[in-house]
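Quick one: the structure is below, questions incoming.
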Amino acid sequence: MKEQLIKAMQRQQVVSMMYVAKSGAITKRRVKIIKIVGDSFTAFCFKRQAKRTFIINNVLAILPVLHRKREII
């Protein structure tokens, strides 16, 4: 998983991620990875509109986001 996260960070890709929170709840997040340090990484979370720290071992799956949703004006 760490290798996939490193590749996404190097490519500056937005990824869709399935993540297990501390409470045990599974959430789906769209994130852009900023940096990876040890067993965790910092990313901008589009769900929370803030920088968040995630534990690599709690990531269940990641997929690149191929297109972004557009707003209709």
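Could you identify the single residue in Ser16, Ser23 that is part of a loop (DSSP other than H, G, I, E, B), out of contact with any Phe, Trp or Tyr (no Cβ under 9 Å at 6 or more places or on another chain) and surrounded by fewer than 16 Cβ atoms within 10 Å (Cβ to Cβ)? Before you say what the answer is, go through the steps one by one.
Numbers: Ser16 fails: part of a loop (DSSP other than H, G, I, E, B).
Being part of a loop (DSSP other than H, G, I, E, B), out of contact with any Phe, Trp or Tyr (no Cβ under 9 Å at 6 or more places or on another chain) and surrounded by fewer than 16 Cβ atoms within 10 Å (Cβ to Cβ) holds for just one of Ser16, Ser23, which is Ser23.
If you go through region 50-69 one residue at a time, do you hit one that is at pLDDT 95 or above, among the hydroxyl-bearing types (Ser, Thr, Tyr) and in contact with a helix residue (DSSP H, G or I) (Cβ under 9 Å, 6 or more places away or on another chain)?
No, region 50-69 contains no residue that is at pLDDT 95 or above, among the hydroxyl-bearing types (Ser, Thr, Tyr) and in contact with a helix residue (DSSP H, G or I) (Cβ under 9 Å, 6 or more places away or on another chain).
Another one. Given the conditions (1) of a type in the set (Gly, Ala, Ser); (2) in contact with a strand residue (DSSP E or B) (Cβ under 7 Å, 6 or more places away or on another chain); (3) at pLDDT below 95, report the number of the one that Ala43 does not fulfil.
So Ala43 meets the others, but not (3).
Taking strands (runs of 3 or more DSSP E) that do not extend beyond region 26-69, which have at least 2 residues that are among the β-branched types (Val, Ile, Thr)? Steps first, answer last, please.
Values: elements: 26-37, 40-45, 50-55, 59-64.
The strands (runs of 3 or more DSSP E) meeting that bar are 26-37, 50-55, 59-64.
The values are calculated or read from the model by the stated rules, or taken from the named source; none is laboratory data. Every value quoted in this text rests on a predicted model; they were computed, and no experiment measured them. Positions of Cβ are backbone-derived with ideal geometry, glycine not excepted, and every protein chain shown enters the neighbour counts.
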